[in-house]
Amino acid sequence: MNKYAIAIAVKTQYIDRQSEPENDRYWFSYTIDISNTGSLPAKLLSRYWLITDANGKAQEVRGEGVVGEQPYLRPGEHFEYTSSTVLETPVGSMEGRYQMVADDGEPFHASIPLFCLAKPHALH
C-alpha cells in the first residue's frame with residue numbers, strides 16, 4: 001500500500017437560480033470527496049485550482065485549506081465539501097491539486113483530475 005495516497009471524487013451541478021446567461025454568468029457547484037487511501041494519516045494544507053471556460057479564459061485560485069478547513073484524514077477516512085464557481089460560458093473545466101503533509105512530515109500533492117462544468121443540454 002502506498003503511504004501517500006489520496007482518492008478524489010467530484011460531483012458537479014449547474015445552479016440555474018444564481019446564473020444570469022444574459023450577463024454571461026453561469027454558476028456551478030462542485031462537491032469534492034477526499035479519501036485517504038494510503039497507510040499514513042495526512043493533513044490538507046492548501047489548494048490550487050485551474051478553472052477554464054469555453055473561450056479558453058483561465059483563472060488560477062490558490063489558498064489555504066478548503067472551505068475554511070484543513071482536514072486531517074487517517075487511513076480510510078474521508079472529507080466532503082461543496083463549493084462553487086462562476087464562468088462566463090455555459091461550459092468549462094476545472095483541475096488542480098491539494099498540498100498535503102503526512103504524519104511522517106513528508107509533503108506531497110494529491111491531484112484533482114480534470115472535470116467538466118456544463119449547463120444541462122449545453123453539450124451534445
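Bear in mind that the values in this text are calculations on the coordinates, not laboratory data. Every value quoted in this text rests on a predicted model; they were computed, and no experiment measured them. Here the Cβ positions follow ideal geometry from the backbone for every residue, glycine too, while neighbour counts run over all protein chains shown.
The H on the amide N of V66, modeled in the peptide plane, is under 5 Å from the matching H of no residue at least 5 residues off or on a different chain. Computed from backbone phi, the HN-Hα couplings of region 93-98 come to 8, 9, 7, x, 7, 10 Hz, rounded to whole numbers (Karplus: 6.51 cos²θ - 1.76 cosθ + 1.60, θ = phi - 60°; Gly and Pro given as x). Debye sum, Cα scatterers, region 8-60, no solvent: what log₁₀ I/I(0) at q = 0.30 1/Å? Ignoring solvent entirely, the Cα scatterers give -1.25. For the chain, excluding the exposed loop sites themselves (trypsin sites (Lys or Arg not before Pro), DSSP loop, at most 14 other Cβ atoms within 10 Å), the longest remaining stretch covers 58-124. The alpha-carbon positions of region 6-118 define a convex hull whose volume is 90 Å³ per residue. Applied to region 14-26, the Karplus parametrisation 6.51 cos²θ - 1.76 cosθ + 1.60 on θ = phi - 60° returns per-residue 3J(HN,Hα) values of 7, 9, 4, 5, 9, 7, 9, x, 5, 10, 6, 10, 10 Hz, with x for Gly and Pro.
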